[in-house]
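S.K.: Encoded as structure tokens, here's the structure I'll be asking about.
The values are calculated or read from the model by the stated rules, or taken from the named source; none is laboratory data. If you're wondering where the values come from, they're calculated on a predicted model, not measured in any experiment. Counting neighbours? That spans all protein chains shown, and the Cβs are built from the backbone with ideal geometry, glycine included.
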Amino acid sequence: MVATDVRRDTRGRPPARGVAMRPRGGRIGPNAITRVAQALREEVGDAATRAVFARAALDAYLDEPPLEMVDEAQVRRLHAAMGEAIGTVRAAAVAREAGTLTGDYLLAKRIPGPAQAVLRRLPAALAERMLLAAVGRHAWTFAGSGRFTATPGAPSVVEIADNPLCRGVVADAPACHFHAATFERLWRTLVSPQVRVVETACCACGAAACRFELRRP
Ligand SMILES: [Zn+2]
């Protein structure tokens with residue numbers, strides 16, 4: 001779903017002015033920037049959003065939103081700037097909303113309707129296995145240079161080892177709200193409306209991998 005997105009979104013536009021062109025590490029789909037911008041505007045307004053993006057040296061992205069994969073370090077920098085500017089609690093809520101919006105985008109634009117209809121008709125456990133496989137095939141678009149694994153079960157678990165969005169980040173509780181909310185939006189729509197996604201271990205807390213439990217009732 002996301003992989004084909006990126007290619008379709010590539011229209012040869014140059015990177016926004018002032019934004020580093022050559023990432024040193026991995027890359028992540030542009031929703032990790034554009035949906036944060038959207039959610040942040042809703043929360044704090046245009047001026048404060050611009051201040052956060054400027055703090056992360058990414059304000060050019062507000063004028064010319066990225067259409068291609070972005071440097072994962074930029075996404076990490078944006079989350080850090082957001083936490084510094086509006087506090088970690090409020091930043092977590094914005095990250096969560098951005099993840100939900102990313103899920104909405106994938107459902108609206110990238111996961112074909114007939115495939116969604118098939119998943120919704122299947123028993124939840126089977127739909128989940130198929131969705132886990134599909135998400136795994138496209139993990140490079142959201143896990144960057146991290147290593148993604150999926151383990152079906154009760155609950156099923158997805159992990160991102162060495163999550164690039166956590167590198168250098170220290171938190172006393174799991175901090176990957178963007179990823180958790182994206183998974184939750186997809187799972188609630190395609191597997192079961194009661195699914196809760198809970199991050200039970202996080203690289204930002206010293207774990208080797210961010211671990212997300214996909215809890216079905
Ligand atoms: Zn994490």
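S.K.: Return the residues of segment 75-91 that are surrounded by fewer than 21 Cβ atoms within 10 Å (Cβ to Cβ) and either at pLDDT below 95 or part of a helix (DSSP H, G or I) (or both); say none if nothing qualifies.
M.R.: Arg77, Ala80, Ala81, Gly83, Glu84, Ala85, Ile86, Thr88, Val89, Arg90 - these are the residues of segment 75-91 that are surrounded by fewer than 21 Cβ atoms within 10 Å (Cβ to Cβ) and either at pLDDT below 95 or part of a helix (DSSP H, G or I) (or both).
S.K.: Next question. Go through (1) away from the ligand (no atom under 11 Å from the Cβ); (2) assigned to a helix (DSSP H, G or I) and name the single condition Val198 misses.
M.R.: So Val198 meets the others, but not (2).
S.K.: Does at least one position in segment 50-70 carry a residue that is of a type outside the set (Asp, Glu) and within 19 Å of Ala173 (Cβ to Cβ)?
M.R.: No.
S.K.: Let me ask something else. Within segment 171-208, can you find the residues that are touching a Lys or Arg at 6+ places or on another chain (Cβ under 6 Å) and touching a residue at least 40 places away in the same chain (Cβ under 8 Å)?
M.R.: Within segment 171-208, His177, Ala181, Ser192 qualify.
S.K.: Mind counting the residues in segment 172-195 that are near the ligand (Cβ under 10 Å from one of its atoms) and either in a strand (DSSP E or B) or in contact with an Asp or Glu (Cβ under 7 Å, 6 or more places away or on another chain) (or both)?
M.R.: 3
S.K.: Right, something else. Only one of (1) under 17 Å from the mean Cα position of the chain (by Cα); (2) at pLDDT below 95; (3) away from the ligand (no atom under 11 Å from the Cβ); (4) of a type in the set (A, V, I, L, M) fails for Val169. Which number is that?
M.R.: If we test Val169 against (1) under 17 Å from the mean Cα position of the chain (by Cα); (2) at pLDDT below 95; (3) away from the ligand (no atom under 11 Å from the Cβ); (4) of a type in the set (A, V, I, L, M), just (3) comes out false.
S.K.: Let me ask you something else. Among the numbered criteria (1) more than 16 Å from the ligand (Cβ to nearest atom); (2) not in a helix (DSSP H, G or I), which single criterion is violated by Ala115?
M.R.: (2)
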